Amino acid sequence: MGLTIAQKIIKSHLLSGDMSPGSEVALKIDQTLTQDATGTMAYLEFEAMGIPRVRTELSVAYVDHNTLQCGFENADDHRYLQTVAAKHGIWFSRPGNGICHQVHLERFGKPGKTLIGSDSHTPTGGGLGMLAFGAGGMDVAVAMGGGAYYITMPKMYKVELTGRLRPYVSAKDAALKLLQILSVKGGVGAIIEWGGEGVDTLSVPERATIANMGTELGATTSIFPSDQVTRAFLAAQGRAEDYIPLSSDPDAVYDWVIRIDLSTLGPMIACPHSPDKVLPVQAVAGLPVDQVCIGSCTNSSLQDLLKVAAILQGRTVHPSVSLSISPGSRQVLSMLADQGALTQILASGARVLECACGPCIGMGFAPGSGGVSLRTFNRNFLGRSGTKDAQVYLVSPETAAASALAGQITDPTTLGDALEVCLPDKFQIDDSGVLPPSSEEAAATAQVLRGPNIQPFPKSRPFQDSLQLRLVLKVGDDITTDHIMPAGAKILPYRSNIPHLSKFCFEVCDPGFPDRARAAGDGAIVGGSNYGQGSSREHAALVPMYLGIRAVIAKSFARIHAANLINCGILPLTFDDPADYDRLSQDTVLQIDQIRAGMEEGRLMARDRTTGREFPVRCHMTHRQRQILMAGGLLNYTKEGSV
């Protein structure tokens, strides 16, 4: 039986485990990336391991999230990241150099390599044929130290593409179509491979857009073949030597094959407040728009923005619309300027923002009260934009630009003649924004600089065999990491200060949660299905751990968040009978005994101390995960020499 692309890379990087679905496999990691919102904590964790230098082929620290410097906090974090990177053998991408996934695609990604990043959209690298995973900062720190990255061996899905995209229909529309088919839960436990003759018509940036959006499906990752399109992209980036061909075997077996004819697709739109609430743009055309944001790691490539410039050329943004454009990298911005496209964008009345994540993570450009905002981003969760009552829609760059001109949601296929946009044979290459690490000799005496906002890593507690827990919060389905630990300009500067950050935990759902959790001592959270979807931010586990949360009981968990809970020493449990969720109420006191034996069996009994009622909960974990939990988290486990 032949192998899929992902299975080939897993096989070549397998350190332990077998490749049958559901088994735990340990993978050798070639590359890591971090961004500043999660990276500061990841490097504090790496330092705590006492390993002098990274042991990967390549590790890069990017600054692309917390770029607003309204006080000393972000600037201090950037200085810490630059000095810790220099000392420990890590490349450093300076503020303004670009969004981590866009820059990594341009300058560092290699087909056939493994990559993990402390950002959930690290699977963007799958557009180059990388096996790229989003992960928590602790997992990244362990990988930088030479440790394995563990995943449950996924199922294999394939999306078979035929045909070619019509004018003004884009790769983003294909990604939204798959979200319409599968939902935000449909990719859980699977790697999604994109293939078929239609793949040949997609550029690497278009493939990267689709791989990026695979995160919203809950997929383990997404991957494309490495072919002549990949070769041409790498050659244009001056990296022809990084190319290797990579494809699935003709007799590879998939658990599910989904077929999409690109030629039948039209412009799509995800409505508030979930990426899978997808409709054809025509279904909501005419809705007045207040704001349009173009950019993010999903749609900020040169190809994307050249299309936007062509649509805007000679036209003016509607008076009722505020339009922002965030180029994905300095390379993109420089080439827009050189080709005259930046002038076209500016002449339209658009505001050009920094080469950074910006509005996507609520770092500026929040909509007005109740405003309708069209965004080319990957998420439209409630409140993520910085305005809780905003109505955020996800669209392609073409739909965004057409709507900005019209002042209402507009189907871009009504604009007329097709756009003529081609990728260059050679990109402008200037790597001065990426600083190499110090030599080993210089690193021995190099100083790591810490500002007062950088607080020590919070300590977790080993598990005893019995827990008495107060249920301090009960929430519903599809709770995201943005619900648990919001982003935005007000909160992101404190990502390296867990005590201060804890004041905002679950602010979107219940502002009283932090005080109740502290008062409870040992606490528990009860959630619905897909608990913890969204970002890989381990702060959504670290902060509850700091507040005394010892267990989360949910109907189901998002993959990365479940791993982060275990890494932080929090017990992730699932209801054996979903009806037990309805029987629990806030402030119930739960008793869980014989934890060690129950974890071995994969089943624990919880008792409501008020009513005396008992109910079973599941805790399916590997032997390694049980050891991590009993040690009180991955950092404790690693310090004990168990990597």
Quiz prompt | Residues of the stretch 430-448 satisfying the condition of being of a type in the set (A, V, I, L, M) and surrounded by 13 or more Cβ atoms within 10 Å (Cβ to Cβ) | solution = VAL434, LEU435, ALA443, ALA446, VAL448
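Residues are listed down the side, and each one gets a yes or a no for (1) in contact with a Cys (Cβ under 6 Å, 6 or more places away or on another chain); (2) surrounded by 15 or more Cβ atoms within 10 Å (Cβ to Cβ); (3) in the same structural domain as ARG626 (by TED's automatic domain parsing); (4) in a loop (DSSP other than H, G, I, E, B):
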site	(1), (2), (3), (4)
PRO452	no, no, no, yes
PRO456	no, no, no, yes
GLY488	no, yes, yes, yes
SER496	no, yes, yes, yes
PRO499	no, no, yes, no
VAL508	no, yes, yes, yes
PRO511	no, no, yes, yes
ARG518	no, no, yes, no
ALA524	no, yes, yes, no
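Inside the stretch 290-300, can you point out the residues that are part of a loop (DSSP other than H, G, I, E, B) and either more than 20 Å from ARG166 (Cβ to Cβ) or in contact with a Cys (Cβ under 7 Å, 6 or more places away or on another chain) (or both)?
Residues of the stretch 290-300 part of a loop (DSSP other than H, G, I, E, B): 290, 295-300.
Answer for the stretch 290-300, where residues must be part of a loop (DSSP other than H, G, I, E, B) and either more than 20 Å from ARG166 (Cβ to Cβ) or in contact with a Cys (Cβ under 7 Å, 6 or more places away or on another chain) (or both): ASP290, GLY295, SER296, CYS297, THR298, SER300.
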Quiz item: Name the pairs: first residue in the stretch 274-293 and under 22 Å from GLY218 (Cα atoms) and assigned by TED's automatic domain parsing to the domain that holds GLY407, second residue of a type in the set (Ser, Thr, Tyr) and at pLDDT 95 or above, Cβ to Cβ under 8 Å, at least 6 apart or on different chains?
Solution: ASP276/SER183
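Going by the conditions given, is LYS177 modelled with pLDDT under 95 and not β-branched (Val, Ile, Thr)? It would help to see each step written out before you state the result.
Working: modelled with pLDDT under 95: no; not β-branched (Val, Ile, Thr): yes.
In short, no.
Give, as residue ranges, the strands (runs of 3 or more DSSP E) completely inside the stretch 565-635 that count at least 2 residues that are over 18 Å from ILE549 (Cα atoms). It would help to see each step written out before you state the result.
Values: elements: 571-575, 589-592, 603-608, 614-618.
Once the strands (runs of 3 or more DSSP E) in the stretch 565-635 are filtered for at least 2 residues that are over 18 Å from ILE549 (Cα atoms), what remains is 603-608, 614-618.
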Exercise. Give the residue that is farthest from the chain's Cα centre (by Cα), with candidates limited to residues of the stretch 1-18 that are of a type outside the set (S, T, N, Q) and exposed (fewer than 13 other Cβ atoms within 10 Å of the Cβ).
Key: MET1
Exercise. Please note which strands (runs of 3 or more DSSP E) are completely contained in the stretch 242-289 and include at least 3 residues that are surrounded by fewer than 20 Cβ atoms within 10 Å (Cβ to Cβ) and at pLDDT 95 or above.
Key: 256-261
Practice problem: Would you be able to tell me the number of residues in the stretch 417-427 that are farther than 16 Å from PRO397 by Cβ and either in contact with a helix residue (DSSP H, G or I) (Cβ under 7 Å, 6 or more places away or on another chain) or modelled with pLDDT of 85 or more (or both)? | Solution: 4
Practice problem: For the stretch 483-502, indicate whether the set of residues that are closer than 30 Å to ALA190 by Cα, modelled with pLDDT of 95 or more and either acidic (Asp, Glu) or over 21 Å from the mean Cα position of the chain (by Cα) (or both) is non-empty. | Solution: no
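Within the stretch 327-342, can one find any residue that is within 28 Å of VAL184 (Cα to Cα) and either touching a Ser or Thr at 6+ places or on another chain (Cβ under 8 Å) or surrounded by 21 or more Cβ atoms within 10 Å (Cβ to Cβ) (or both)?
Quick first cut of the stretch 327-342, residues within 28 Å of VAL184 (Cα to Cα) only: 327-328.
Within this subset, residues satisfying the condition of being either touching a Ser or Thr at 6+ places or on another chain (Cβ under 8 Å) or surrounded by 21 or more Cβ atoms within 10 Å (Cβ to Cβ) (or both) are 327-328.
Yes, there is a match, as at least one residue in the stretch 327-342 is within 28 Å of VAL184 (Cα to Cα) and either touching a Ser or Thr at 6+ places or on another chain (Cβ under 8 Å) or surrounded by 21 or more Cβ atoms within 10 Å (Cβ to Cβ) (or both).
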Quiz item: Is there any pair with a first residue in the stretch 531-555 that is of a type in the set (Phe, Trp, Tyr) and a second that is part of a strand (DSSP E or B) whose Cβ atoms are under 6 Å apart and which are 6 or more apart or on different chains, and what are they?
Solution: TYR531/ALA554; TYR531/PHE557
Practice problem: Test each condition in (1) within 32 Å of the chain's Cα centre (by Cα); (2) closer than 21 Å to ASP477 by Cβ for THR588 and report the one that comes out false. | Solution: (1)
Quiz item: Can you pull out the strands (runs of 3 or more DSSP E) entirely within the stretch 1-88 that have at least 1 residues that are within 17 Å of PRO437 (Cβ to Cβ) and in contact (Cβ under 8 Å) with a residue 60 or more places away in the chain?
Solution: 31-35, 58-62
Quiz item: If THR67 satisfies every condition in (1) at pLDDT below 95; (2) farther than 30 Å from ALA236 by Cβ but one, which is the exception?
Solution: (2)
Quiz prompt | Counted residues, the stretch 218-229 - those being in a helix (DSSP H, G or I) and crowded, with 24+ Cβ neighbours inside 10 Å | solution = 0
Quiz item: Which ones in the stretch 183-217 are in a strand (DSSP E or B) and over 21 Å from ARG164 (Cβ atoms)?
Solution: VAL188, ALA190, ILE191
Quiz prompt | Residue count, the stretch 361-378 (criterion: modelled with pLDDT of 95 or more and either crowded, with 24+ Cβ neighbours inside 10 Å or touching a Lys or Arg at 6+ places or on another chain (Cβ under 6 Å) (or both)) | solution = 6
Self-check item: Exclusive hit being assigned to a loop (DSSP other than H, G, I, E, B), without any contact (Cβ under 8 Å) to a residue 40 or more places away in the chain and either surrounded by fewer than 23 Cβ atoms within 10 Å (Cβ to Cβ) or hydroxyl-bearing (Ser, Thr, Tyr) (or both), set ASP425, ASP389
Solution: ASP389
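The values are calculated or read from the model by the stated rules, or taken from the named source; none is laboratory data. A quick note: this is a predicted structure, and the numbers were derived from the prediction, not measured. Note that we place each Cβ from the backbone using ideal geometry, even for glycine, and neighbour counts take in every protein chain shown.
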